[in-house]
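Visitor: I have a structure here, written as structure tokens, and I will follow up with some questions on it.
The values are calculated or read from the model by the stated rules, or taken from the named source; none is laboratory data. Quick caveat: nothing in here was measured; it's all calculated off a predicted structure. Virtual Cβ from ideal backbone geometry, glycine too; neighbours counted across all protein chains shown. The accessibility values were calculated without ligands, DNA or RNA, using every heavy atom of the protein model including side chains. Shrake-Rupley method; radii C 1.70, N 1.55, O 1.52, S 1.80 Å.
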Amino acid sequence: MNSGVDFTENASVSEELESVVVRFSGDSGDGMQLTGMQFTDTAALLGNDLSTFPDYPSEIRAPIGTVAGVSGFQVHFGSKEIYTPGDSFDVLVAMNAAALKVDLPKLKRGGIIIANISGFDRKNLGLAKYPEGADPLNDGSLDNYVVHKIDISKHTKDCLIDSGLGTKEIERSKNMFVLGLLFWMFDKPLEHTIEFIESKFAKKPEIAKANIKTLNAGYNYCESTEIFINRFKVSPAKLPAGVYRNITGNHATAIGLIAASEKAELPLFLGSYPITPASDILHELSKYKANGVKTYQAEDEIAGICSAIGAAYVGNLAVTTTSGPGMALKTEAAGLATMLEIPLVIINVQRGGPSTGLPTKTEQSDLLMAMHGRHGESPLVVLAATSPSDCFNVVYEACRIAIEHMTPVIFLSDGYIANGSEPWRFPSGDSLQKIKVSFLKSPNGDNGEILPYKRDEKLVRPWIIPGSKGMEHRIGGLEKENETGNVSYNHHNHELMVNLRAEKINKIADYIPLAKPDTGNEKAKLLVLGWGSTYGTIKTAVREAIKEGYDVAHIHLKYINPFPKNLGELLNCYDKVLIPEMNKGQLLQLIRAKYMIDAKGFSKVQGLPFTTIEIKEKIAEMLS
Amino acid sequence: MESVTEQNIKLTSKDFSSDQEVKWCPGCGDYSILKQAQTIFPDINVPKENLVFISGIGCSSRFTYYMDTFGMHSIHGRAAAIASGVKAANPELSVWIVSGDGDSFSIGGNHLIHSLRKNFNFNYLVFNNQIYSLTKGQYSPTSEKSKITKSTPYGSIEDPFNPPELALGANAAFVSRTIDRDPKHMQMVLRRANDFKGTSFVEIYQNCPVFNDGAFFIFTEKETKKEEALFLEQGKPLIFGQNDEKGIMITDSFTCKIVNYKEEGIAPENLWIHDEKNKTKAFLLSQFVNMEQNGEMFPRPFGILYAVERPVYEESLISQINAIQAKKGKMTLDRILSGDKTWVIA
């Protein structure tokens, strides 16, 4: 809690706080994700700025009660601008012993624990591998925290005893009791969640009724027992005026694609094979059939991209979505798209690797794969989003570049921003930049011939789609003769074509914004250079460091291939450059190779985002 | 449609021949397939600009470059996956996949079976020469067991795929077989494939004169053809033999037997009558490749083994979109951008 309040001290009732981090933690089946999201939605609707971090295991239902099965949802909300889900928590909801064991290390000293007593019986303590005889709720080991022991399971049961529901269904409602407690604690209304429950269970009114009853019971429990001495208030944030919604990165990506398809006036086609953490883009787009969106669940990752290549060939805005392992499978087809020079958006929601790695955890370790992961000289465009809502902007830009420059574009997101959410001042449809599309309908050669690889001033070839009368021609993966596109094994022609394909990508730098500092000045002792989802953490750390007197600035890259034209020049304005990445230094390699500067890397590969403190300490170290 | 007919009357097979030099080996069976395709296209009632050839990798897949239509020579095994996207995105196009036994039954096996299951309305031609030719002579998934090749100098130890059986197992709606040295038959099968709505699987026996010469000669040469090949015709009895004296019957226990129906006094109408709508019979036909009777192999069936239309993928896709559009109406972009829950900060 940034106000530095220690809950163990006797604070006054209804205290105003600037920002709070709450971690909902329980078994995979305890409904913590839904509870967290409902809390988040209400906080957002009441005008708090916020950032969320869902953190769940890859097993759908890992063994009940074990640390492997702990599922967490973290929300950081405040009356100030929030850029990260928070390094540590103020409030920890622990539905069982395993949840406490996993998440206690990140609870602030003096923080609040809400513990579900029935999750701390001998059996649960054993499953969580507490030593024999240990009893954390009663043995004094939590004396530095404010512990509220509540038998949530029992209260839920008592509340629903006459509901006619079975034991399992009653047990499943206990997350609503927790939500009721938290709403009381942070003085938030229940109405948004009640509306949500009514619509979600419209066809099962008895379940809706039970959930609403339990939610109210949790709220009233606080009211009547006065278990919490304190009630907290987090006022609305002073965000730029406008209309806001809450959005996750995957959702923003999905609607960014729809927006691009409308502004390009091209049908949208998604060829995809389900994979964590990218599947939600497929799920979301599949809802928009009424808008003519075609989602194609292919037989494998390769068919995902190949079907998209087919759709691009006939004039659709074509997209494929995946994560690391799927990206590996798509590389040959990505090379074909590069050779064909057709528009294609390849979305990689990165996760921990190599191999199956950490499917539900985040990492930025596919950057070099995106840059170089095809055989032959195979350059394409690489873009990366910085936050959940930025996925919209960047995927839109990916579509624009793919279409206007006839090239595959790799859009990098990652598990952290894909599942995380934040308030978004969404644009109006009219304000979005139009995407220019032109199909060549008549021969472009001087003698009336069709030249599918004759280029314009941007070095872009024409898009000629099947069905265009008199425009029949062949394209393919074999090297092509310049302009005609006929198969050619001529060695000089091959070199020419390799150079032309590379030059075409380099030229895109003329059509993207220049780099500039996000925080700090164009000259400083230290530059922190980031890319992708580390944005919020670096920004927060650099802002705080500047406040503390450090001479530091922050530049964040969204365009990685090509880099902004002025990047090299800009980098030279700083004495030192620090590049924090959730990998072993991949942007670092690119920057050092291209600009020959002595940039320093800062790696974290734990499947977790950086904390603000980690970046701040590194800044201090670099400047000491 | 009238203008289309007019246009097609004017076109000849030459109009479907591209300006690229054909570079298959002399005597390759692919030449015949190219010729038969170019022969039928002027009158299959498809505007030339709507014809799209998608091929994978291998000798067969160079086909695309020689047709003066739209075409994409893609990557190994993926033609069907690309064609699926083409059809889903634009159902109006007439899409022809050109592939080989390695391309389809080995590296592209997954796309083959799923395209047959999903039943896009495209034509799937597999040039089966039972050998890898473009990589200069290794055994393929359709090579016979014990085959000696560069990669199996002591003989292959694998059983081959039986393509019609594989296709039927994947729920193909149309399963057929033809052969390079029978132009008229091939034209008939290609026309049927074109007219059929659904994935039309066409296995084409194709001679590779360099690496597997004569693999199918017993089905084409005068001395053996009548004994070894069985040409299926809808509603007609299964008859073969030097003097058309042999017929095939199905016993009560669903086994097949060869009879000399003339000698045994069996009326032709009491023989097995070909019914391409009968899947059980189609499966039995697909098994002839391994059946023998007193040391005599069953003849190899050519023609349409099975053809029953069922809903095609892209039509189901479009009708679902239309139904949802009619029910829910198109959502405006602003509505999509705002979502259900918004709040205002003044």
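Visitor: How much of the DSSP bridge set in the protein assembly as shown is antiparallel, in percent, rounded to the nearest 5?
Guide: About 35 percent, rounded to the nearest 5.
Visitor: Now, a different point. In chain B, with Lys and Arg counted as +1 and Asp and Glu as -1 at Cβ, which of these residues, B:Leu333, B:Gln38, B:Ile239, has the Cα nearest the positive end of the dipole, that is, farthest along it?
Guide: The residue sitting farthest along the positive end of the dipole is B:Leu333.
Visitor: Which one of B:Ile82, A:Ile60, B:Val259 is farthest out on the positive end of the charge dipole of the protein assembly as shown, using unit charges on Cβ (Lys, Arg +1; Asp, Glu -1) and the Cα centre as origin?
Guide: About the Cα centre, the residue reaching furthest to the positive side is B:Ile82.
Visitor: Continuing with the same structure: Which shape class, rounded, prolate or oblate, goes with the range A:277-341 when its Cα gyration tensor gives a ≥ b ≥ c as root eigenvalues, a/c under 1.5 marks rounded, and past that a/b bigger than b/c marks prolate?
Guide: oblate
Visitor: Determine the principal axes of the Cα atoms in chain B, then give the extent along each, sorted from largest to smallest and rounded to whole angstroms.
Guide: For chain B, the Cα spread along each principal axis is 96, 49, 48 Å.
Visitor: Would the range A:140-190 count as rounded, prolate or oblate if I go by the C-alpha gyration tensor, calling it rounded below 1.5 in a/c and otherwise prolate when a/b exceeds b/c, oblate otherwise?
Guide: oblate
Visitor: Once you sort the root eigenvalues of the Cα gyration tensor of the range A:526-622 as a ≥ b ≥ c, which label holds: rounded (a/c under 1.5), prolate (a/b larger than b/c) or oblate (the other case)?
Guide: It comes out oblate by the Cα gyration axes.
Visitor: Continuing with the same structure: I'd like the antiparallel share, as a percent to the nearest 5, of DSSP beta bridges with both residues in the range A:245-431.
Guide: 15 percent
Visitor: Got a number for the accessible area of B:Arg191? Probe 1.4 Å, square angstrom, nearest 10.
Guide: 80 Å²
Visitor: To continue, here is another question. Note down the magnitude of the dipole of chain A about its Cα centre, charges +1 on Lys and Arg C-beta and -1 on Asp and Glu C-beta and zero elsewhere, to the nearest 20 debye.
Guide: For this selection, approximately 720 debye.
Visitor: Take each of the peptides A:349-358, A:20-29, average the number of other beta-carbon atoms within 10 Å over its residues, and list them starting from the highest.
Guide: Packing proxy ranking, top to bottom: A:20-29, A:349-358.
Visitor: For each pair in A:Lys168/A:Lys209; A:Lys108/A:Lys213; A:Lys203/B:Lys327, compute the distance between the two Cα atoms and list the pairs where it is over 23 Å.
Guide: A:Lys108/A:Lys213
Visitor: Could you pull out the trypsin sites (Lys or Arg not before Pro) across the range A:209-302 that fall in loop regions by DSSP (anything but H, G, I, E, B) with no more than 13 other Cβ atoms inside 10 Å? Let's see the in-between values first.
Guide: Working: sites: A:Lys209, A:Lys213, A:Arg231, A:Lys233, A:Lys238, A:Arg245, A:Lys263, A:Lys287, A:Lys289, A:Lys294; in loops: A:Arg231, A:Lys238.
Loop-located and lightly packed - A:Lys238.
Visitor: If you take each beta carbon of peptide A:287-298 and count the beta carbons of other chains within 10 angstrom, what is the mean?
Guide: Averaged over the peptide's residues, the number is 6.
Visitor: Mind checking A:314-321 for the average number of partner chain beta-carbons within 10 Å of each residue's beta-carbon?
Guide: So the per-residue partner count for this stretch is 3.
Visitor: So, one more: Using the Cα atoms of the range A:402-532, I'd like the radius of gyration and the largest Cα-Cα distance, Dmax, both in angstrom.
Guide: 20.6, 62
Visitor: How would you rank A:599-607, A:51-59, highest first, on the average number of other Cβ atoms within 10 Å across their residues?
Guide: Result, highest mean Cβ count within 10 Å first: A:51-59, A:599-607.
Visitor: Further question on the same structure: Can you give the relative contact order of the range A:245-431 as a percent, counting alpha carbon pairs under 8 Å and 6+ residues apart?
Guide: Here the relative contact order equals 29 percent.
Visitor: At a 10 angstrom cut-off on C-beta neighbours, averaged per residue, how do the peptides A:337-344, A:584-591 rank from highest to lowest?
Guide: Most protected by this proxy first, the peptides run A:337-344, A:584-591.
Visitor: According to the Kirkwood expression over distinct Cα-Cα pairs, how big is the hydrodynamic radius of the range B:6-113, in Å?
Guide: 14.3 Å
Visitor: In degrees between 0 and 90, to the nearest 10, how far off the longest principal axis of chain B does helix B:313-328 point, with axes built from Cα atoms?
Guide: 30 degrees
Visitor: Determine the calculated [θ] at 222 nm for chain A from helices alone, applying -39500 (n - 2.57) to every DSSP H run no shorter than 4 residues and normalising by the residue count; nearest 500 deg cm²/dmol.
Guide: -10500 deg cm²/dmol
Visitor: If the cut-off is a Cα-Cα distance under 25 Å, which lysines reach B:Lys246, setting aside same-chain residues fewer than 8 apart in sequence?
Guide: B:Lys184, B:Lys222, B:Lys225, B:Lys226, B:Lys236, B:Lys257, B:Lys262, B:Lys277, B:Lys279, B:Lys281
Visitor: Using a 1.4 Å probe and ignoring any ligands, DNA or RNA, find the accessible area of B:His114 and quote it in Å² to the nearest 10.
Guide: 40 Å²
Visitor: Separate question: Taking loop as defined by DSSP and a crowding limit of 13 other beta carbons within 10 Å, which GluC sites (Glu not before Pro) in the range A:544-624 fit? Display every interim value, and only then the final one.
Guide: Values: sites: A:Glu544, A:Glu548, A:Glu569, A:Glu581, A:Glu614, A:Glu617, A:Glu621; in loops: A:Glu548.
Answer by residue number: A:Glu548.
Visitor: Can I ask one more? Looking at the protein assembly as shown from every direction and averaging, what is the projected area of its Cα convex hull in nm²?
Guide: If you wrap the Cα atoms of the protein assembly as shown in a convex hull and average its projections, you get 48.3 nm².
Visitor: Right, here's the next one. Within the range B:107-160, report the chymotrypsin sites (Phe, Trp or Tyr not before Pro) that DSSP leaves as loop and that have at most 12 other Cβ atoms within 10 Å. Intermediate values should be presented prior to the final figure.
Guide: On the way: sites: B:Phe120, B:Phe122, B:Tyr124, B:Phe127, B:Tyr132, B:Tyr139, B:Tyr154; in loops: B:Phe120, B:Phe122, B:Tyr139, B:Tyr154.
Answer in residue order: B:Tyr154.
Visitor: With the dipole of the range A:290-398 worked out from charges on the C-beta (+1 for Lys and Arg, -1 for Asp and Glu) around the Cα centre, which of A:Met339, A:Phe392, A:Met369 lies farthest toward the positive end?
Guide: My answer, from the dipole projection, is A:Phe392.
Visitor: Total accessible area buried between chains B and A, 1.4 Å probe, in Å² to the nearest 100?
Guide: 5300 Å²
Visitor: Further question: Among DSSP bridges having both ends in the range B:35-184, what percentage is antiparallel? Round to the nearest 5.
Guide: Bridges in the range B:35-184 that DSSP calls antiparallel: roughly 10 percent.
Visitor: Give me the dipole magnitude in Debye, nearest 20, for the range A:582-624 about the Cα centre, with unit charges on the beta carbon: positive for Lys and Arg, negative for Asp and Glu.
Guide: Numbers: 7 positive and 4 negative charges, 35 e Å.
The calculation lands at about 160 debye.
Visitor: Give me the inter-chain shielding for B:56-68: mean count of other chain Cβ atoms within 10 Å, whole number please.
Guide: 2
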